[in-house]
1. Among the residues of segment 352-393, write down those that are at pLDDT 90 or above, within 14 Å of THR320 (Cα to Cα) and not in a helix (DSSP H, G or I).
2. Looking at GLY190, GLY181, GLY204, can you tell me which residue is at pLDDT 85 or above and either under 26 Å from the mean Cα position of the chain (by Cα) or open to solvent by less than 90 Å² (accessible area, probe 1.4 Å) (or both)?
3. Going residue by residue through segment 115-134, is there one that turns out to be open to solvent by 30 Å² or more (accessible area, probe 1.4 Å) and β-branched (Val, Ile, Thr)?
4. Being open to solvent by less than 50 Å² (accessible area, probe 1.4 Å) and in a loop (DSSP other than H, G, I, E, B), is that true of even one residue in segment 329-336?
5. Is it true that ILE347 is of a type in the set (A, V, I, L, M, F, W, C), touching a Phe, Trp or Tyr at 6+ places or on another chain (Cβ under 6 Å), within 23 Å of ALA172 (Cβ to Cβ) and modelled with pLDDT of 90 or more?
6. Given the criterion closer than 22 Å to ILE141 by Cα and touching a residue at least 40 places away in the same chain (Cβ under 8 Å), identify the matching residue among LEU157, LEU153, LEU201, LEU187.
7. State yes or no: is GLU355 acidic (Asp, Glu), over 30 Å from ILE113 (Cα atoms), crowded, with 24+ Cβ neighbours inside 10 Å and free of Cβ contacts under 8 Å to residues at least 40 places away in the same chain?
8. Restricting attention to segment 153-178, which residues are closer than 17 Å to MET254 by Cβ and either out of contact with any strand residue (DSSP E or B) (no Cβ under 9 Å at 6 or more places or on another chain) or open to solvent by less than 80 Å² (accessible area, probe 1.4 Å) (or both)?
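The values are calculated or read from the model by the stated rules, or taken from the named source; none is laboratory data. Remember, predicted model here, so these are calculated numbers, not experimental data. Quick reminder, even Gly has a Cβ in these numbers, built from the backbone with ideal geometry, and neighbours come from all protein chains shown. Protein only, heavy atoms only, side chains kept; ligands, DNA and RNA dropped before computing areas. Shrake-Rupley method; radii C 1.70, N 1.55, O 1.52, S 1.80 Å.
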Amino acid sequence: MSRENQRHFKFDWITILLFLILVFFGWINIMSASHSGEVISYFDMNEPYGKQLIFIFLTFGLIAVILAIEAKFYERFASIIYLTSIISLIGLFIFGKEVNGAISWYGFGGITIQPSEFAKFATALAVAKYISDLETDLKSIKDQLKLIIIITLPAFLILLQNDTGSTVVYVAFFFVLYREGIQQIYLIMGITLLLISVFTLKFGIIATLLFFCIVLILLYIARRKKRGQILQLLGVFLLIAAISVGIQQFYKNMLKPHQKDRIELWLRLEKDPQKLEEMKRTILYNLNESEKAISSGGLSGKGFMEGTRTTGKFVPEQHTDYIFSTVGEEWGFLGSTFVVLIFVLLIIRILILAEAQKNHFSRVYGYCVASIFFVHFTINVGMVMGLIPTIGIPLPFFSYGGSGLWAFTIMLFIFVKLDANKINEW
């Protein structure tokens, strides 16, 4: 028997157990969110829970294939997997099917496939492959630019398909770059850009420039007026001014009305109380109903399939992006806390395993997986609870959909396979 076939006992069963818990609990919540009091037929293909159960069964076959493939395959063919993913994203502009305003699906009869979900693990493989290459130097501007292109290319293609939620997920890869030792200046630039954006939209260009002018003056004083600092800080100020003007123009002329409305509500930009309330009733209908469902669950929830707001279909998309509202109503604070803890434990477990990897490729890929799960989980739960702007993004292993379930499963179990192989010499 080959050594590759003797390593099944090296699989991390804690990770697999956490995965099974999330998939099972996700499915029963899809069942709750889909039914309206009728008799349940688990294999009813006219209902989301029936379709999802089929997806789950097929997922176990997919897992078997992933674990059966030699671990080195994923590193060796990472570039080909990535290029295939890019081609599939480009093909959507020709053969794609439009759903809810986004051209993000291929339609095959009654089945749809969303390539953007699979592009995430393909990009994770490509990033891990490039960073782990012996010739790559993350301190080199040239290599940094290549890496940024690898990350932003699929994100840009997805953005052109009007799928903002999936585009935002690619921010996760910059956490990985920070872990791998990229200069802190990029993190500082990212935070500064976010602050400039929020200040510009909330308070206007003049107030933003005044604030940053004060910050730069204090910085100049703190550095004891070093020679040459004035010109550098002046250049930084002019750059901030250009960014602030650009952000305002982008907001006014590039964003679509519904995107502007969500930002206005998040930052409370609308001054007219009457118009603000009207916006809340229309634009924030999903969020308001979601918050009501979650708050109505109380400490222990109303019970499985006993959620009145869930059964009454008060929350649109409650079996997909807003599935966490069903958890809150039927399982209450305790059930919601349980789900949060399972996700946190899974992410922490992946990080622990990633740090234990001897192979650089496996370590970077593990951090990519953990970061993607973290971003998905944080944005989805934050969105449903009204803590961040509404962004269409699924909750891993919970939200209905075969593409999402399979893509997250592939992503996770590739790492499980790599981890099982960590004792080998590469």
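1. None - no residue of segment 352-393 is at pLDDT 90 or above, within 14 Å of THR320 (Cα to Cα) and not in a helix (DSSP H, G or I), so the list stays empty.
2. Within the list GLY190, GLY181, GLY204, the selection yields GLY204.
3. Scanning segment 115-134, I find no residue that is open to solvent by 30 Å² or more (accessible area, probe 1.4 Å) and β-branched (Val, Ile, Thr), so the answer is no.
4. no
5. Considered against the rule, which asks whether it is of a type in the set (A, V, I, L, M, F, W, C), touching a Phe, Trp or Tyr at 6+ places or on another chain (Cβ under 6 Å), within 23 Å of ALA172 (Cβ to Cβ) and modelled with pLDDT of 90 or more, ILE347 comes out as yes.
6. Values: LEU157 fails: closer than 22 Å to ILE141 by Cα; LEU201 fails: closer than 22 Å to ILE141 by Cα; LEU187 fails: touching a residue at least 40 places away in the same chain (Cβ under 8 Å).
Of LEU157, LEU153, LEU201, LEU187, the one residue that is closer than 22 Å to ILE141 by Cα and touching a residue at least 40 places away in the same chain (Cβ under 8 Å) is LEU153.
7. No.
8. In the first step, residues of segment 153-178 are kept if they are closer than 17 Å to MET254 by Cβ; the result is 155-156, 158-164, 167-168.
Selection gives ALA155, PHE156, ILE158, LEU159, GLN161, ASN162, ASP163, THR164, THR167, VAL168.
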